[in-house]
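Novice: My structure is below; once you've seen it, I'll send some questions.
Values in this text are rule-based calculations from the coordinates and carry no lab data. Note that the structure is a prediction, hence the values are computed from the model and not measured. Ideal geometry is used to build each Cβ from the backbone, glycine not excepted, and the neighbour counts take in all protein chains shown.
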Amino acid sequence: MRAIALTPGLHEELWQHRRSSPFNGNDERVFCHLERGSVYRYETYKDALKQAFEAAGLEWPEHLRPCHDLRVTAITNDAIAGMHPIAIMTKAGHASMATTKRYLKLGRRRLP
């Protein structure tokens, strides 16, 4: 478990999501199984993401690792946005700056 800073807009979106959930107690998760309130398993997440790709008319990338690749994207976007390297390391939960530097290097490769 770790604390991370959220933008005001994201904070509000998460708050509204939680308020609309039947599982909105202080001891419950923001993202959980929709019917039971239990942990939202990787398999469920992957299936839902595949359905979203299909609904959007997008092809599922052959080597996509849903959770890991979305995590990499979020951390790389932080680097592109100029977030301080120590803040990125803390948010990612990395024990070593060497690991975080991989994302900082990716963040310097901006698209034109």
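Novice: So Pro8 ticks every box in (1) touching a helix residue (DSSP H, G or I) at 6+ places or on another chain (Cβ under 8 Å); (2) within 29 Å of Met97 (Cα to Cα) but one. Which box is left unticked?
Specialist: (1)
Novice: Where in region 1-94 are the helices (runs of 4 or more DSSP H), entirely inside, with at least 2 residues that are surrounded by fewer than 10 Cβ atoms within 10 Å (Cβ to Cβ)?
Specialist: Numbers: elements: 8-20, 42-55, 66-80, 85-92.
It comes to 8-20, 42-55.
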